[in-house]
1. Just checking, which of Ser44, Ser48 is surrounded by 10 or more Cβ atoms within 10 Å (Cβ to Cβ) and either in contact with a helix residue (DSSP H, G or I) (Cβ under 6 Å, 6 or more places away or on another chain) or at pLDDT below 80 (or both)?
2. In this structure, does Phe84 turn out to be under 30 Å from Lys59 (Cβ atoms), out of contact with any Pro (no Cβ under 7 Å at 6 or more places or on another chain) and of a type in the set (Phe, Trp, Tyr)?
3. Pairs needed: first member in region 2-13, on the phi < 0 side of the Ramachandran plot and assigned to a helix (DSSP H, G or I); second member anywhere, surrounded by 10 or more Cβ atoms within 10 Å (Cβ to Cβ) and not basic (Lys, Arg); C-beta distance under 9 Å; at least 6 residues apart or different chains.
4. When you go through (1) modelled with pLDDT under 90; (2) not in a loop (DSSP other than H, G, I, E, B) one by one for His53, which number turns out not to apply?
5. Looking at region 87-98, can you tell me whether even one residue there is assigned to a helix (DSSP H, G or I) and under 23 Å from the mean Cα position of the chain (by Cα)?
Amino acid sequence: MVSTYLPAFLMLAVATLFAVAIFTLTSVLGTKHMTAEKAIPYESGSDSDGANHIRLSVKFYLTAILFVVFDIEAVFLYPWAATFRQLGWFGLMEMFAFIISLVITLVYAVKKGALEWEK
């Protein structure tokens with residue numbers, strides 16, 4: 001059984017070792033000449049004019065969370081579609097229950113105004 005998972009563990013160990021080595025080497029060998037000019041925030045090569053004190057609306061975060069939830073739904077739909085014939089009627093009914101729960105969630109979010117941007 002160990003030989004089955006050995007390549008995955010080896011790859012994980014090599015990737016971890018490589019990441020630690022890169023972070024260590026950049027901090028040890030990298031230059032540390034931080035100046036006031038380098039510490040100024042900029043966006044796309046131009047100076048930032050401000051608005052860093054303005055707080056984002058909760059609607060922004062709520063929309064982002066809803067996007068993630070419904071994006072994860074697609075992750076669950078793909079394996080079901082790939083094994084549709086093997087799952088039979090039970091798999092079909094389970095997926096209908098899953099989709100119905102997602103539709104109920106979406107209807108709830110729309111009725112609560114979670115997807116509207118105006119105040």
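The values are calculated or read from the model by the stated rules, or taken from the named source; none is laboratory data. The model shown is predicted, which means the values in this text are computed figures rather than measured ones. Glycine also receives a Cβ, built like all others from the backbone with ideal geometry; neighbour counts cover every protein chain displayed.
1. On the way: Ser44 fails: surrounded by 10 or more Cβ atoms within 10 Å (Cβ to Cβ).
None of the others qualify; the one that does is Ser48.
2. Numbers: under 30 Å from Lys59 (Cβ atoms): no; out of contact with any Pro (no Cβ under 7 Å at 6 or more places or on another chain): yes; of a type in the set (Phe, Trp, Tyr): yes.
So Phe84 fails the test.
3. Short answer, once both residue conditions are applied: Val2/Phe9.
4. (2)
5. Of the residues in region 87-98, the ones assigned to a helix (DSSP H, G or I) are 87-98.
Filter again for under 23 Å from the mean Cα position of the chain (by Cα), leaving 98.
For region 87-98, residues assigned to a helix (DSSP H, G or I) and under 23 Å from the mean Cα position of the chain (by Cα): present.
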